[in-house]
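The structure appears below as structure tokens.
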Amino acid sequence: MKSARFAAVVAAVVAVMASPVAVAQQGYPNKPVKIVAPVQPGGGVDLVARTVAEQLSKSMNASFVVENLAGGGGVIGSRTVANAAPDGYTLMVGYVATHGTNPAVRKLPYDAVKDFTPIAMVGGTPNVLAVPASLPPRNLQELLAYAKENAGKLSYGSAGQGSLTHLAMEQFRTAAGFDAVHAAYRGIGPAITDLLGGQTQMMMPGLAAAIPHIRGGKMRAIAITGLKRHPLLPDIPTLEESGYKGFDGIQWYGIVGPAGMPPEITRQLNVEIGKALADPKLRERLAAEALEPMPMAPDQFGKFMQDDIARWSALAKERNIRLEE
């Protein structure tokens, strides 16, 4: 009997050790790790993916490779990762679209909360209320007066219906009480191009995307989101200090994996990403791209994403913003 029980225990242990998760935890990572960037190359998501891959490759002495899997505003990449094995070898840059605004405005083939493991927040950049340099207003008071004088004649651009650049601008337009027509573009690039050309009169892009044009004198910053002024634009007030509460939403980027990842691997990745974000050289590199490191524990990051979804869901419901597939 004792021999039979012993054999059964050994068999059970062997079965557990042979499972994909158990094998994954032995000397993780022992094969290349894929980080999915659910967008085309270029831009903040791709930058974060490649920065994290580079840092983890060095610190964990392993191969972390980036795969750009664009389509559907981040939906294709997100669905692929949600369906991947939760062994730590498929990760993704989850960001404000995939785990913030998309769930708020559209039906998705994945659950942004239940189908993912939050691993680590990387950083964020505020949105900036901007106008073309050719427009007369030079500050928020002048812009609001101009908007009311030209009621029904102005338009604002966004990276697309239901994007953060759309929702943030709708939030501000409603709070400030002026009319402007929404012009939805396929991405932030063409939206900025038309703003600079004067086809639209205002928008709220992420600071990382806007800062080259602000520095070049073609775009004028009026105000920024967040609770404090940004070091790259120290003279530009926040909407909060200008009397508009609730404008602390940001363009944020983090690392997620499929639901059910081993806690040990999640913690290991979180610690290594946290160490990288504490490095002064990396912080300086991110700061040059207007990205502020925002390290968080996995549970803190998970709550952050849930709160962001709730924030934009409430606004989308209030403004009746819904993206029909």
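The single condition among (1) at pLDDT 95 or above; (2) surrounded by fewer than 23 Cβ atoms within 10 Å (Cβ to Cβ); (3) not aromatic (Phe, Trp, Tyr) that residue 200 does not meet is (2). Looking across segment 164-189, the residues that are of a type in the set (Val, Ile, Thr) and buried (at least 20 other Cβ atoms within 10 Å of the Cβ) come down to 165, 188. Checked against (1) touching a Lys or Arg at 6+ places or on another chain (Cβ under 7 Å); (2) within 30 Å of residue 93 (Cβ to Cβ); (3) surrounded by fewer than 18 Cβ atoms within 10 Å (Cβ to Cβ), residue 161 passes all but condition (1). Counting only strands (runs of 3 or more DSSP E) that sit wholly inside segment 108-206, those with at least 1 residues that are of a type in the set (Gly, Ala, Ser), touching a strand residue (DSSP E or B) at 6+ places or on another chain (Cβ under 9 Å) and over 30 Å from residue 87 (Cβ atoms) are 128-132, 155-158, 181-184. Residues in segment 55-79 that are closer than 14 Å to residue 268 by Cβ and in a helix (DSSP H, G or I) were compared, and the one that is most open to solvent (accessible area, probe 1.4 Å) is 59.
Does at least one position in segment 245-259 carry a residue that is farther than 25 Å from residue 38 by Cα, among the aliphatic types (A, V, I, L, M) and in contact with an Asp or Glu (Cβ under 9 Å, 6 or more places away or on another chain)? Within segment 245-259, none of the residues are farther than 25 Å from residue 38 by Cα, among the aliphatic types (A, V, I, L, M) and in contact with an Asp or Glu (Cβ under 9 Å, 6 or more places away or on another chain). Of 251, 268, all but one fail to be part of a helix (DSSP H, G or I) and touching a residue at least 60 places away in the same chain (Cβ under 8 Å); the exception is 268. Among the candidates 286, 232, the residue that is aliphatic (A, V, I, L, M), at pLDDT below 95 and either open to solvent by 60 Å² or more (accessible area, probe 1.4 Å) or in a loop (DSSP other than H, G, I, E, B) (or both) is uniquely 232.
Residues that are of a type in the set (S, T, N, Q) and either at pLDDT below 50 or open to solvent by 20 Å² or more (accessible area, probe 1.4 Å) (or both): does segment 36-46 have at least one?
Yes, that holds for at least one residue.
Close Cβ contacts (under 9 Å, 6 or more residues apart or on different chains) running from residues in segment 188-215 that are at positive phi to residues that are assigned to a loop (DSSP other than H, G, I, E, B) and open to solvent by 50 Å² or more (accessible area, probe 1.4 Å) comprise 198/134. Could we say that residue 133 is small (Gly, Ala, Ser), surrounded by fewer than 17 Cβ atoms within 10 Å (Cβ to Cβ) and at pLDDT below 95 here? No. None of 127, 150 is open to solvent by 30 Å² or more (accessible area, probe 1.4 Å) and of a type outside the set (A, V, I, L, M) except 150.
Set side by side, the residues 172, 247 differ, and just one is under 29 Å from residue 113 (Cα atoms) and more than 19 Å from the chain's Cα centre (by Cα), which is 172.
The values are calculated or read from the model by the stated rules, or taken from the named source; none is laboratory data. It should be emphasised that the depicted structure is a prediction, and the values quoted were computed from it without experimental measurement. Because the Cβ atoms are built from the backbone with ideal geometry, glycine has one as well, and the counts that use them run over all protein chains shown. Quick note on the areas: whole protein, heavy atoms, side chains included, nothing else; ligands and nucleic acids left out. Shrake-Rupley method; radii C 1.70, N 1.55, O 1.52, S 1.80 Å.
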